[in-house]
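**Q** Please see the structure below; I have some questions.
Derivation of every value follows stated rules applied to the coordinates shown; laboratory data play no part. The structure presented is a predicted model; accordingly, all values stated were derived computationally and were not measured. Positions of Cβ are backbone-derived with ideal geometry, glycine not excepted, and every protein chain shown enters the neighbour counts.
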Amino acid sequence: MHSRFTVVPASYVFLLRGDGGPGGATEVLLQLRQNTGFMDDHWAAAAAGHVEKGETAYDAAHREAREELGLSEVALEFVTSMQRTRGGEPIDERIDFFFTARSWAGEPTIAEPDKCAALKWVPLDQLPDPVVPHELQVLEGLRSGVVAPYTTYGFESGAEGSR
């Protein structure tokens, strides 16, 4: 008999600017994580967090953009859902929902300085090192223009999109 795992959902928001046309690289806003206990000192989506009970992934993405960056009216575009794992521990079975946004109200600022050491706009083709690995997979897809609506990370099965 197979045991069932507990899914931990999270939402991620990649703010983008620029069109990537001649002379205009598309840039993404990243945060440098600190004091979170997960991937500290790695660059990551400027806004991200767990989906709370009774909340949709879209609602969580809007809430995280407000709480972490001080933004409102974020025009979210769904990019992909990612099923990921890091082994047999139930807490490490995840479903992540990735969104981009090119329009919002307000200026992105560090609203949680205890968790974020820096915010930085970077060209998609010149990402800093290190980037949280599963987020890097999505950023590489955004850079190439090819992101499947369903992706995986951390599985050994060789499933489409897994790493």
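**Q** Report the residues of the stretch 55-79 in range of a label on A105: point 7 Å along Cα→C-beta, backbone N strictly under 12 Å from it.
**A** The answer is 71-75, whose backbone nitrogens lie closer than 12 Å to the label point.
**Q** Under a Cβ-Cβ cut-off of 15 Å, what is the net charge of the residues other than R17 that fall near it, where Lys and Arg count +1 and Asp and Glu count -1?
**A** Net charge around R17: -2.
**Q** Now for a separate question. Kindly provide the helix-only [θ] at 222 nm of the chain, computed as the sum of -39,500 (n - 2.57) over DSSP H runs of four or more divided by all residues, to the nearest 500 deg cm²/dmol?
**A** Theoretical 222 nm ellipticity from helices: -5000 deg cm²/dmol.
**Q** Return the percentage of antiparallel bridges among DSSP beta bridges fully within the stretch 8-153, rounded to the nearest 5 %.
**A** Of the beta bridges lying entirely in the stretch 8-153, close to 65 percent run antiparallel.
**Q** Per-residue HN-Hα couplings for the stretch 49-56, Karplus 6.51 cos²θ - 1.76 cosθ + 1.60 at θ = phi - 60°, whole Hz, x for Gly and Pro?
**A** Result, ordered by residue: x, 5, 7, 8, 3, x, 10, 7 Hz.
**Q** All other residues with a Cβ under 15 Å from the Cβ of E77 taken together, and with Lys, Arg as +1 and Asp, Glu as -1, what is their net charge? Don't jump to the answer; show the numbers that get you there.
**A** On the way: positive: R17, R102; negative: D19, E73.
Value of the local net charge: 0.
**Q** Arrange the following residues from fewest to most other Cβ atoms within 10 Å of their Cβ: Y150, Y12. List each step's numbers first, then the result.
**A** Values: Y150 12, Y12 26.
Lowest count first: Y150, Y12.
**Q** Just to confirm a number: summing +1 for Lys and Arg and -1 for Asp and Glu over residues other than G49 whose beta-carbon lies under 9 angstrom from that of G49, what do you get?
**A** In short, -3.
**Q** At 7 Å along Cα-to-Cβ for each site, give me the label-to-label distance between D41 and R63 in nm.
**A** The modelled label-to-label distance comes out at 3.2 nm.
**Q** Fewest Cβ neighbours within 10 Å first, please rank K120, K53, K115 accordingly.
**A** Ordered by Cβ neighbours within 10 Å, fewest first: K53, K120, K115.
**Q** Ok, one more. Run through the stretch 23-82 and list the GluC sites (Glu not before Pro) located in a DSSP loop whose Cβ has at most 14 other Cβ atoms within 10 Å.
**A** E52, E73
**Q** Given H placed 1.01 Å from N in the peptide plane, which residues other than close sequence neighbours of T80 have an amide H under 5 Å from its amide H?
**A** Residues meeting the criterion, in which the H sits 1.01 Å from N, are F98.
**Q** Shifting gears a bit: Per-residue HN-Hα couplings for the stretch 123-140, Karplus 6.51 cos²θ - 1.76 cosθ + 1.60 at θ = phi - 60°, whole Hz, x for Gly and Pro?
**A** x, 4, 8, 9, 5, x, 10, x, 10, 3, x, 5, 6, 4, 4, 6, 4, 5
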